[in-house]
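I have placed the structure first, in the form of structure tokens, so that the comments after it can refer back to it.
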Protein chains: 2
Amino acid sequence: MTTQPQTGHDDGSAPRSRPRGAAFLLSQVGAHAATRFAERIGGLGVAPSDVGLLRMIATRPGRSQQSLAEELGVVPSRVVALVDGLERKGLVERRRNPQDRRNYALHLAAEGERVMAGMRDLASAHEDEICAALDDTQRAQLTELLEAIAAQQGLTAGVHPGYRHLPQ
Amino acid sequence: MTTQPQTGHDDGSAPRSRPRGAAFLLSQVGAHAATRFAERIGGLGVAPSDVGLLRMIATRPGRSQQSLAEELGVVPSRVVALVDGLERKGLVERRRNPQDRRNYALHLAAEGERVMAGMRDLASAHEDEICAALDDTQRAQLTELLEAIAAQQGLTAGVHPGYRHLPQ
DNA sequence: TATTGTTATACTCTATAACTATA
DNA sequence: TATAGTTATAGAGTATAACAATA
């Protein structure tokens, strides 16, 4: 994804009184953070698109594919492909529900638990890398500002919009 | 692009003393900002991938496709496709250089100038929309923090990493 | 009939590699 | 030989629509 050029401070001048370029910087730095994270988790053998799914299954085991599709804002057939991949890697299991044999209850396999643990460590290191320029106070400040924007813009906590389908 | 889930404040609790989740928030809010901007510029008939190109040509007219490819971090054949699209829409012109007939000098067409002007207005409105939750002081604060991160992470001012090719 | 999941298909994006023309 | 640009091709990602099994 890409965003607009801004008049910015390409010339190295100090920021103006009315700040400009925050939106572009957000998109730029955000894309960078996502790319770096993707590189890191690549070492665990999972793709960025897998991460949300894994976490949602870990948080609420037994969920159906439909419920994941809804929360992620993707089409159910997409979840089929994602779960196929995770199942092939031995990270999740599809368990039939005897009460209603139409849907599956999704659970993490043992290997999936290990990958989730690895991701938590990795997320912590990632956080430190991205925020290396900031001290603890500034980090808290940034988090607060971003949380305010996220809330006002109606973003769901923990759900990355990368999943959403623009084309209707 | 997608990033990691964070332990976050899904439960609505107050932020902890050691801030967690800034990197995920960055990626989440950044992707949202990029998506909203893409929706806006869609009305001008250009795609997000066109924007950087248009701006770079506007900033330094007469550039070659090669130089654009290098600065954007994409392969030259990709620039061919992008410039083809912009030329077809009447936004840019390829002018032969009589001194060296191998390369083109790229220039904005009249319609391209109009679109650039439209984008500047639109970027301003976009900025206001994304930062609606913040007052001017907070906006300046956010910009400062993001600029510090961008500089420390080695990001090029005004160049969106969405252009970069991870697959080598 | 409605719901869950699946398959078949097509479209977009973008890189690689081979090629043309010019130098 | 080297450089700017182009074409042909292939792979990844993801949506739409038709379908099967179950309720």
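Only one of the numbered conditions (1) surrounded by 14 or more Cβ atoms within 10 Å (Cβ to Cβ); (2) more than 30 Å from B:Gln153 (Cβ to Cβ); (3) in contact (Cβ under 8 Å) with a residue 60 or more places away in the chain is not met by A:Met116, and that is (2).
Scanning region A:98-109 for residues that are within 8 Å of DNA strand C (Cβ to nearest atom) and more than 25 Å from the chain's Cα centre (by Cα), which turns out nearest to the other protein chains (Cβ to nearest Cβ)? My answer is A:Asn103. Return the residues of region A:122-166 that are of a type in the set (D, E, K, R) and either under 15 Å from B:Phe24 (Cβ atoms) or within 16 Å of DNA strand D (Cβ to nearest atom) (or both); say none if nothing qualifies. The answer is A:Glu127, A:Asp128, A:Glu129, A:Arg139, A:Glu144, A:Glu147, A:Arg164. B:Val75 passes all but one of (1) out of contact with any Leu (no Cβ under 8 Å at 6 or more places or on another chain); (2) hydrophobic (A, V, I, L, M, F, W, C); (3) without any contact (Cβ under 8 Å) to a residue 60 or more places away in the chain; which number fails? Checking B:Val75 against (1) out of contact with any Leu (no Cβ under 8 Å at 6 or more places or on another chain); (2) hydrophobic (A, V, I, L, M, F, W, C); (3) without any contact (Cβ under 8 Å) to a residue 60 or more places away in the chain, the one that fails is (3). When A:Val80, A:Val92 are checked against the criterion of being surrounded by 17 or more Cβ atoms within 10 Å (Cβ to Cβ) and either more than 12 Å from DNA strand C (Cβ to nearest atom) or touching a residue at least 12 places away in the same chain (Cβ under 8 Å) (or both), A:Val92 stands alone in meeting it. Picking from residues in region A:143-162 that are in contact (Cβ under 8 Å) with a residue 24 or more places away in the chain and more than 7 Å from chain B (Cβ to nearest Cβ), the one that is farthest from DNA strand C (Cβ to nearest atom) is A:Thr156. Only one of the numbered conditions (1) within 12 Å of DNA strand D (Cβ to nearest atom); (2) free of Cβ contacts under 8 Å to residues at least 40 places away in the same chain; (3) over 23 Å from A:Gly162 (Cβ atoms) is violated by B:Met56, and that is (1).
Readers should treat all values here as calculations from the given coordinates under stated rules, not as data from a laboratory. Model, not experiment: these values are computed from the prediction. Cβ sites come from the backbone with ideal geometry, for glycine too, and all protein chains shown count toward neighbours.
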